[in-house]
Amino acid sequence: MAEPFFQTVIPDDQLNSLLRQGRVPEPPPEFWDELPSRVVHRLGQETQLAAREQWPAALRWGFGLAAACAVVALLFLWAAQSSKPRETAELAASQKMFREIQEVFPDRLRGIVIEGQKITVLLAEEPRRAAAGPLLVELCGRGPCQRVITFSGETVAFEGDRLEVLAGARGEVLVVGPRFVWSSATPRKHPADLVIRAQALEESL
Amino acid sequence: MADAGDEAEWICGSRAGDPAAFEPLVRRYQRMIFVLAYRMTGAPESAEDLTQEVFMRAFQELPHYREEAKFATWLHQIAINHCLNFKKRAARQAGLIAGWTEEQTRRVSGHGTGDVDLAASVQEALLALDERQRAAVILTVYDGLSHAEAARALRCSEATVSWRVFMARRKLRRLLAPQWRNRFSKP
């Protein structure tokens, strides 16, 4: 089928010219002056709004974080407050028990080992007067913790190892294992997989 | 007359979030965007609203502007896509196109009735096109973008732009044949 007349005779440049002669109506004269300031005004409003929205968000995060910190701090305080009396009471009970057993076996008591509810009393075959006061040693490893009240020079078994407890010249307590020497003078230097606390029993309460 | 250096400064200031730095950019390009919006919608009021919205959008999008493209081309891209997405347009057009000729008569000043008729015919022909074909014609014929630049603005291939322009020209030739005969074929 032959193309219609106008398809073949309107060249591109004449069509373009015709299209460009289609004028665009002018907006009201004030439009060109007002548009830039209107845009800037609206942008300013949106920026302020965004800033206002950001502040409450930041405040919400801040308050949330502060509240979380406060809760954590309160939990720590509560744990510290609630564990301290319990620990003190347990120590007092241990000390009382040690004194009572010592009265029954004068100069023969070498120590007591408390592991949970289990108490083991260590007695010497022959009476032997201790050169210094009793020492309190707490040992925590892979298994349950163990509290020992003993004298300098005594040996205690803990998780398959034999540990020697010694009183140092400056009042510190030394715990000597097969691969380590721990001192209460540098209490943070724990051997691997073992946490030790030690001091004179009198000082523990 | 502001130069490219000024424009770069305005862009930089606007990118930093300073709306005042954006004002000269609006002043420089507002007519270009208004004309484009009008060609796309055929409704002066819609074109006015769209022009403002395009600049609002452009300010928000400025952090994504890569300077390998000219600012004007980038602005074209935002404007044409904003016009294509202007959902209310159809509803508003329904009422506005009816009064289009009267609007033209009121607004186009300094031109004879023939100009008004031609303007109305051209705009009607443009509005009769598929909107993507219309966008391709507006960018290439009116705004002088190359097919490659128009393709970037329309986010399609250059071949697609060429095809849309070709199809649009076919339809425009048919629709504007009487006006062409009046203008170019008179003895």
Revision key, fill the gap. Within the range B:22-44, of all residues that are assigned to a helix (DSSP H, G or I) and more than 9 Å from chain A (Cβ to nearest Cβ), the one modelled with the lowest pLDDT is B:THR41
Practice item. Check the range B:142-155 and report whether any residue there is within 11 Å of chain A (Cβ to nearest Cβ), part of a helix (DSSP H, G or I), touching a helix residue (DSSP H, G or I) at 6+ places or on another chain (Cβ under 7 Å) and at pLDDT 90 or above. Key: yes
Check your understanding: For the range A:141-191, what are the residues that are on the phi < 0 side of the Ramachandran plot, at pLDDT below 90 and of a type in the set (Asp, Glu)?
Key -> A:GLU154, A:ASP161, A:GLU172
Check your understanding: Cβ-Cβ below 6 Å, separation at least six or inter-chain, first residue in the range A:8-21 and on the phi < 0 side of the Ramachandran plot and facing another protein chain (nearest Cβ under 8 Å), second β-branched (Val, Ile, Thr) and in a helix (DSSP H, G or I): which pairs?
Key -> A:ASN16/B:VAL141; A:LEU19/B:VAL122; A:LEU19/B:VAL141
Point to revise | Options A:LYS96, A:LYS189: the member that is without any contact (Cβ under 8 Å) to a residue 12 or more places away in the chain and under 32 Å from the mean Cα position of the chain (by Cα) | key: A:LYS189
Review point. Which of the following residues is assigned to a helix (DSSP H, G or I) and at pLDDT 85 or above: B:ALA90, B:ALA94, B:ALA136?
Key: B:ALA136
**Study point:** Out of B:TRP10, B:TRP74, sole residue that is more than 10 Å from chain A (Cβ to nearest Cβ), within 17 Å of the chain's Cα centre (by Cα), over 30 Å from B:GLU124 (Cβ atoms) and surrounded by 21 or more Cβ atoms within 10 Å (Cβ to Cβ)
**Key:** B:TRP74
Practice item. Provide a single number: the residues in the range A:143-174 that are among the hydrophobic types (A, V, I, L, M, F, W, C), in contact with a Pro (Cβ under 9 Å, 6 or more places away or on another chain) and assigned to a strand (DSSP E or B). Key: 2
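The values are calculated or read from the model by the stated rules, or taken from the named source; none is laboratory data. None of the values given here were measured: they were computed from a predicted structure. Please note: Cβ atoms are built from the backbone with ideal geometry, for glycine as well, and neighbour counts cover all protein chains shown.
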